[in-house]
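*Asks:* Take a look at this one; I'll ask things after.
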Amino acid sequence: MASFDETARVVALVPYSDRVIAALADGSVKVYGEGGEEFSSGPIGEHTTNTAVAIVRHPHANLDLLLCGQQLGYVTAYELPAFRPRGTFTTGYEGDVSAILPLGGEGVFATFGL
């Protein structure tokens, strides 16, 4: 059993393969395995917050993507397991992205805000 000793608030914990991805409120993303922290990224550039996360499958590239919802309606996508940034887009909503919901195997998802 692992514990998280973080200074920023943990926004979400998402299982991925045999690891856990932790999204922190300060825009950081960390990966934990059996031995503890294995990877840490962020905050990077404009990705300085996390408000929601989800994993979706890119249907054409055959890749898993980590979607990180942020303040001001932005979402940043990272390729998994490499954590290579794929880009940032806006949802058109100017508030926090409060949830990201995968809607099936074709890479379709919905974002929600409060």
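The values are calculated or read from the model by the stated rules, or taken from the named source; none is laboratory data. Remember, it's a predicted structure, so these values are computed and weren't measured experimentally. Cβ sites come from the backbone with ideal geometry, for glycine too, and all protein chains shown count toward neighbours. Note: areas computed on protein heavy atoms with side chains; ligands, DNA, RNA excluded. Shrake-Rupley method; radii C 1.70, N 1.55, O 1.52, S 1.80 Å.
*Asks:* Rounded to whole Å and ordered largest first, report the semi-axes of the equivalent ellipsoid of the chain derived from its Cα gyration tensor (root of 5λ).
*Replies:* 21, 18, 12
*Asks:* Also, I was wondering about something else. Would you please put 42-51, 59-68 in order of how densely packed they are, using the mean number of other Cβ atoms within 10 angstrom per residue and starting with the highest?
*Replies:* 42-51, 59-68
*Asks:* While we're looking at this one, here's another question. Taking the highest mean first, how do the peptides 83-91, 18-26 order by number of other beta carbon atoms within 10 angstrom per residue?
*Replies:* Top of the packing list down: 18-26, 83-91.
*Asks:* Using alpha-carbon positions, what is the distance between the centroids of the stretch 20-39 and the stretch 67-114, in Å?
*Replies:* 18 Å
*Asks:* Just want to confirm a number: the relative contact order over the chain, from Cα pairs under 8 angstrom separated by 6+ residues, in percent.
*Replies:* It comes to 17 percent, rounded to a whole number.
*Asks:* For the chain, give the magnitude of the charge dipole about the Cα centre (Cβ charges: +1 Lys/Arg, -1 Asp/Glu; no others), in debye to the nearest 20.
*Replies:* In debye, rounded to 20, the chain gives about 220.
*Asks:* Could you work out what % of the accessible surface of the chain is carbon and sulfur, using a 1.4 angstrom probe and leaving DNA, RNA and ligands out of the count?
*Replies:* 52 percent
*Asks:* Accessible area per residue for the stretch 48-90 in Å², computed with a 1.4 Å probe and the full protein assembly in place, what is it?
*Replies:* Value for the stretch 48-90: 46 Å² per residue.
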